[in-house]
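K.L.:
Have a look at this one.
Every read-out reported here was derived from the displayed coordinates using simple, explicitly stated rules and does not represent laboratory data. In this text the structure is predicted, and so the values were computed from the model without any measurement. Heads up, the Cβs are rebuilt from the backbone with ideal geometry, glycines too, and the neighbour counts pull from every protein chain shown.
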Amino acid sequence: MKTVIEASEAVALGVKLSRVKVCPMYPITPSTHIPERISDYIFDGEMDAQMIHVESEHSAASALIGAILAGSRSFTATSSNGFELMYEILPILSGMRLPAVMAVANRTVAAPINIWNDHSDSMSARDQGWIQLYVESSQECVDTIIQCYKIAEDKKVLLPTMMCLDGFSLSHVYENVDLPGQKKVDAFLPSFKIEDKLDVKNPKTFGPIGFPDTFMELKKQQQDSMSNALEVIKKANKDYAKEFGKSYGDGLIELFEMDDAEYAILALGTICGTAKAKARELRSKGKKVGVIRLRSFRPFPVESLKKATKNLKGLAVLDRHISLGAKGPVFTEINSDISETNVFGYIAGLGGRDVTLEHIESVFKDLETGKQSKEWLL
Amino acid sequence: MKELKGLNYEEFFASGHRACAGCGEALAMRHIMKAAGPNTIVTQATGCMEVVSTPYPQSAWRVPWVHGAFENAAAIMSGIDASLKAQGKREGVNLIAIGGDGASFDIGFGALSGALERGHKFTYIATDNEAYMNTGVQRSGATFPFASTTTSPGGKKIHGKQEPKKPLPFIVAAHGIKYVASVTPANLLDLKKKVEKALATDHASFLHIYCVCPVGWHCKSDTAIELSKLAVQTRVFPLYEIEEGVLKFTQKVEKPKPVLEYLELQGRFKHLNEDEVQKIQDYVNARYDFLLSIEGKKAFDVLF
């Protein structure tokens with residue numbers, strides 16, 4: 001069914017279609033419309049689920065632990081400082097191997113307090129054991145939420161998964177969305193089952209203390225599962241395409257005009273729309289340029305990226321976050337893994353600063369001349 | 001040996017855990033679980049009991065048990081309650097969230113308050129040994145006045161903790177819940193009765209359990225029961241219930257022993273001078289007088 005909806009509503013509908021049973025939620029701009037829509041569904045009786053009106057994001061993430069271990073598919077959403085308040089619980093959810101799904105309406109973190117978009121909330125949590133998928137459109141929101149459960153709950157993975165959508169520049173944007181039907185979603189995503197759970201008939205202990213003799217093995221298992229997730233994400237994307245006719249590159253990265261490209265921009269989320277528009281314009285002038293959209297930041301798809309960039313003369317990475325004292329995190333990782341390509345790193349769009357067609361043009365120009373004129377797209 | 005009728009002889013908090021000799025909190029765990037029985041799910045905050053009972057791959061817990069972090073036992077329990085409800089599996093299961101005084105009075109206070117306000121049906125048990133024992137006896141909001149801890153030492157200039165205990169049970173009662181009670185591990189039948197009453201409450205309920213810590217209190221490891229009894233007899237730890245907003249004593253102390261008898265058994269008070277002992281006596285008297293002033297009255301509004 002085609003309908004014009006806000007991306008936040010697309011997220012909420014993805015949650016409803018996934019038959020989520022428990023939603024511990026705490027409002028923070030710009031993720032607020034997600035719990036608002038889910039509340040509408042629950043309070044109007046359209047969605048059979050429990051909303052927990054937690055008193056903080058810390059408790060939202062904590063309630064996910066209990067909700068999942070007691071046997072329910074669960075969801076929350078957050079942004080920015082709320083995400084930061086959850087921080088302690090993020091590696092606990094991943095360390096306990098709980099397939100939580102969270103939408104992050106990306107917003108920068110204070111100070112100065114600022115409600116607008118960049119990726120500094122989720123990017124800062126790149127080491128906390130969560131799968132991170134970055135989306136670009138409302139359609140991708142509904143499709144990806146459903147895929148997130150498919151990926152997180154896969155026995156080869158069992159890792160929490162966050163779907164990151166740009167605050168305001170996507171979360172509050174209305175677009176045409178083709179909604180999948182409930183029956184087909186049910187077939188794609190079977191009802192929630194968890195083998196190890198809180199059950200009085202079969203008592204188990206969760207969250208024990210792990211001493212140095214076992215800790216590293218458990219961390220390695222998480223890393224191995226992250227590696228497994230690369231294939232599982234690709235498969236979810238492929239299987240979803242088969243059922244619903246929508247796909248996003250190979251699931252890990254999406255390529256635009258890359259077949260014969262000499263120069264390319266790599267970015268995440270909504271910047272890619274602007275980059276694609278400029279690339280299309282430059283193509284009409286005979287320039288061989290393209291765009292790589294990184295959909296999966298965790299796990300980091302080294303092989304897909306190597307393949308996509310092997311014939312490039314130059315690659316520019318646009319980071320919407322800076323690891324202060326170092327570089328943009330995506331640039332740093334690309335640069336270490338794709339060492340054979342000439343890579344420029346740019347810091348762009350912090351705290352909601354627009355990334356314009358002019359910015360993109362100047363980056364393509366840098367690539368063509370082989371000289372980086374600036375690092376910050378101010 | 002005197003037979004204690006009605007106590008469950010089955011153990012759900014098994015022996016072999018790694019608690020210190022004479023730990024009052026481990027004793028509390030054991031008897032809470034005896035009273036709660038097998039159809040119980042426990043969430044526990046980070047702290048001594050979590051550490052001593054679950055050194056992976058061992059566990060002392062014979063009921064489903066989960067630990068997440070220091071300040072979120074009540075929040076995890078909120079998730080469990082909602083999850084079981086969502087599946088139609090909530091009936092017949094006891095939910096108990098346990099935190100020490102650090103987890104309950106201080107760092108997890110917000111999560112506890114939120115869970116109480118939302119009306120989850122669960123019992124929160126604050127095991128109070130009056131300091132952060134697991135991290136090495138640091139001052140908490142529940143530390144007894146003038147007690148020496150590693151961060152409020154009985155110094156040359158400042159003699160221990162200078163502030164009163166946070167009145168957590170009353171703050172909890174002010175959330176409008178139906179059952180709040182204080183208990184010690186010295187009176188097992190009283191403990192059993194209160195745990196059962198708490199679990200039978202149709203919304204949230206709260207127990208404040210006095211737990212002797214020989215290591216933190218610098219008392220002998222065979223004094224947990226003696227001190228538990230003395231705490232009641234000196235009015236340091238009054239035993240009461242607040243049911244439907246009305247406070248009643250479950251053990252009234254008509255002729256209290258002087259607090260000095262309680263203080264002198266514990267090294268954490270050895271730095272006190274006579275003046276300070278008197279101040280503690282006054283503090284204890286005033287707290288008890290307050291309880292007497294609300295005894296039998298509807299002191300707390302009931303919202304659930």
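K.L.:
Using only the alpha carbons of chain A, what is the convex hull's orientation-averaged projected area in square nanometres?
P.N.:
Value for chain A: 19.2 nm².
K.L.:
So what is the relative contact order of the range A:1-131, in percent, for Cα pairs below 8 Å that sit 6 or more residues apart?
P.N.:
Averaging sequence separation for qualifying contacts and normalising by length gives 24 percent for the range A:1-131.
K.L.:
Rounded to the nearest 10 degrees, what's the angle between the helix A:212-244 long axis and the longest principal axis of chain A, both from Cα atoms, 0 to 90?
P.N.:
Once rounded, one gets 70 degrees.
K.L.:
Moving on to the next point. Which aspartates and glutamates have a Cα less than 17 Å from the Cα of A:Lys2, not counting those fewer than 8 places away in the same chain?
P.N.:
Correct list for A:Lys2: A:Glu140, A:Asp143, A:Glu175, A:Asp178, A:Glu243.
K.L.:
GluC sites (Glu not before Pro), restricted to the range A:129-174: which are DSSP loop and have at most 16 other Cβ atoms within 10 Å?
P.N.:
Listed in order of number, the matching sites amount to none.
K.L.:
Quick one: of the DSSP bridges fully inside the protein assembly as shown, what percent are antiparallel, nearest 5?
P.N.:
Here the antiparallel bridges make up roughly 25 percent for the protein assembly as shown.
K.L.:
Also, quick follow-up: Putting +1 on Lys and Arg Cβ atoms and -1 on Asp and Glu Cβ atoms, find which of A:Ser18, A:Ala7, A:His58 reaches farthest to the positive end of the dipole of the range A:2-244.
P.N.:
A:Ser18
K.L.:
Follow-up question, since we're still on this one. Please express the Cα-Cα pair-distance distribution P(r) of the range A:253-377 as a list of whole percents, one per 5 Å bin, running from 0 to the bin with the greatest distance.
P.N.:
Bins of 5 Å from zero give 2, 12, 24, 27, 22, 10, 2, 0 percent of pairs.
K.L.:
What are the ³J(HN,Hα) couplings of the range B:43-50, residue after residue, when phi is run through the Karplus curve with 6.51, -1.76, 1.60 and θ = phi - 60°? Round to Hz, x for glycine and proline.
P.N.:
Karplus-based 3J(HN,Hα) across the range B:43-50 equals 10, 9, 6, 4, x, 3, 5, 5 Hz.
K.L.:
Residue separation times 0.36 nm, minus the C-alpha to C-alpha distance between A:Lys155 and A:Ile42: what's the value?
P.N.:
37.7 nm
K.L.:
With the calculation restricted to Cα positions, what are the radius of gyration and Dmax of the range A:331-378 in angstrom?
P.N.:
According to the Cα coordinates of the range A:331-378, Rg and Dmax are 11.6, 33 Å.
K.L.:
Which GluC sites (Glu not before Pro) in the range B:209-251 sit in a loop by DSSP (not H, G, I, E or B) and have at most 15 other Cβ atoms within 10 Å of their own Cβ?
P.N.:
Sparse-neighbourhood loop GluC sites (Glu not before Pro): B:Glu244.
K.L.:
Additional query: Would you mind checking the pairs B:Lys194/B:Lys229; A:Lys156/A:Lys193; A:Lys21/A:Lys197; B:Lys121/B:Lys178; A:Lys155/A:Lys242; A:Lys235/A:Lys310 and listing those with alpha carbons more than 19 angstrom apart?
P.N.:
Among B:Lys194/B:Lys229; A:Lys156/A:Lys193; A:Lys21/A:Lys197; B:Lys121/B:Lys178; A:Lys155/A:Lys242; A:Lys235/A:Lys310, the Cα-Cα distance tops 19 Å for A:Lys155/A:Lys242; A:Lys235/A:Lys310.
K.L.:
Taking the Cα atoms only, what angle lies between the long axis of helix A:57-69 and the longest principal axis of chain A, rounded to 10 degrees?
P.N.:
So the helix axis and the longest Cα principal axis differ by about 60 degrees.
K.L.:
In bins 20 Å wide, starting from 0, what share of all Cα pairs of the protein assembly as shown does each bin hold, as a percent?
P.N.:
Values per bin, smallest distances first: 18, 43, 27, 11, 1.
K.L.:
Where the only charges are on Cβ atoms (+1 Lys, Arg; -1 Asp, Glu), what is the dipole of the range B:58-110 about its Cα centre, to the nearest 20 debye?
P.N.:
My answer is approximately 340 debye.
K.L.:
So if I place +1 on the C-beta of Lys and Arg and -1 on the C-beta of Asp and Glu, and nothing else carries charge, what would the dipole magnitude of the protein assembly as shown be about its Cα centre? I want it in debye, nearest 20.
P.N.:
Its charge dipole is roughly 880 debye.
K.L.:
Let me ask you something else. Using a 10 angstrom cutoff on alpha carbons, build the Gaussian network for chain B and name the most mobile of B:Ile96, B:Ile107, B:Ile171.
P.N.:
Result for chain B, Cα springs under 10 Å: B:Ile171 fluctuates most.
K.L.:
Give me the percent relative contact order of chain A, please, defined on Cα pairs under 8 angstrom at least 6 residues apart.
P.N.:
Dividing the mean separation by the residue count of chain A yields 16 percent.
K.L.:
Which whole-number percentage describes the relative contact order of the range A:253-377, with Cα contacts under 8 Å and a sequence gap of 6 or more?
P.N.:
Once normalised by length, the contact order is 27 percent.
K.L.:
So, one more: I need A:Lys313, B:Lys270 ordered by Cβ neighbour count within 10 Å, fewest first.
P.N.:
B:Lys270, A:Lys313
K.L.:
So for chain B, what percent of the C-alpha to C-alpha distances run longer than 32 Å?
P.N.:
Summing the P(r) tail past 32 Å for chain B gives 22 percent.
K.L.:
Taking chain B as a Gaussian network, Cα atoms linked when under 10 Å apart, which of B:Gly92, B:Gly22, B:Gly245 shows the biggest mean-square fluctuation?
P.N.:
Judging by the Gaussian network model, the answer is B:Gly92.
K.L.:
Can you give me the Kirkwood hydrodynamic radius for the range A:80-217, using every pair of distinct Cα atoms, in Å to one decimal?
P.N.:
Across the range A:80-217, the inverse of the average 1/r is 16.9 Å.
K.L.:
Top mean-square fluctuation among A:Gly314, A:Gly273, A:Gly181, Gaussian network model of chain A, C-alpha springs under 10 Å?
P.N.:
Evaluated over chain A, the most mobile residue of the options is A:Gly181.
K.L.:
What ³J(HN,Hα) values, in whole Hz, does the Karplus curve 6.51 cos²θ - 1.76 cosθ + 1.60 give for the range B:274-284 when θ = phi - 60°, with x put for Gly and Pro?
P.N.:
Taking θ as phi minus 60°, the curve returns 4, 4, 6, 4, 5, 4, 5, 4, 4, 4, 5 Hz for the range B:274-284.
K.L.:
Taking only Cα atoms, what is the 0 to 90° angle, nearest 10, from helix B:188-200's long axis to the longest principal axis of chain B?
P.N.:
40
K.L.:
Now a separate question. Of the beta bridges DSSP finds with both residues in chain B, what % are antiparallel, to the nearest 5?
P.N.:
So the antiparallel bridges in chain B amount to around 30 percent.
K.L.:
Another one. Show me the trypsin sites (Lys or Arg not before Pro) within the range A:257-303 that DSSP assigns to loop and that have at most 12 other Cβ atoms within 10 Å of their Cβ.
P.N.:
Passing sites in the range A:257-303 are A:Lys285.
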